Every structure is written in structure tokens, then in C-alpha cells.
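Just below is one structure, and these are the notes that go with it.
FYI, it's all coordinate maths here, none of it is from the lab. Since we're looking at a predicted model, the values are computed, not measured. Virtual Cβ from ideal backbone geometry, glycine too; neighbours counted across all protein chains shown.
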């Protein structure tokens, strides 16, 4: 009889431990999800800034390439 009581006591302790671990796991998962959401927002902001940069830079790069092509043509002659 004492053995059964001890077994139930151990089971109760283990269940309490597992319950605490599950709670901790849930909290950690919530933190990860929150950080992932923040990272996604940052990623979107970076993409927006890159797109804005490309809109400004592309005409300038095209003009530089045009000038370089003219100089290259002059050098080739």
C-alpha cells in the first residue's frame, strides 16, 4: 500500500513538473511568435526602403552606364 502511495506521489510531482514545462514552453513560443512578427515587419520595411532606393538609383545608374559606354566607344577608336 505504501508503494502505491509513493508511486502516486511521484506521478503527481512529475505531472506538476511537466505542467510547468508546458507553461514555460507556451510562454517561449509566444515570445518567438512576437519576435518573428517584429522581424517580419522589419523585413518589410527594409524591402520598402530598397524599393525606394532602386526607384531613385536606377535612372542615375542608367545615366552612368550611358556615359561609360560613350567613353568606352571613344577609347576603342
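Things worth noting here:
- Computed from label points 7 Å out along Cα-Cβ, the spacing between residue 64 and residue 37 is 4.1 nm.
- When the chain is treated as a GNM with alpha-carbon contacts under 10 Å, the residue of 54, 28, 65 showing the greatest mean-square fluctuation is 65.
- The stretch 1-44: Rg to Rh, with Rh as the Kirkwood radius over Cα pairs: 1.47
- Axis angle, to the nearest 10 degrees, between helix 2-76 and the longest C-alpha principal axis of the chain: 0 degrees.
- Over the chain: helical MRE at 222 nm, DSSP H runs n ≥ 4 each giving -39500 (n - 2.57), nearest 500: -37000 deg cm²/dmol
- Taking label positions 7 Å along the Cα-Cβ direction at both residue 24 and residue 53, the computed distance is 4.2 nm, reported to one decimal.
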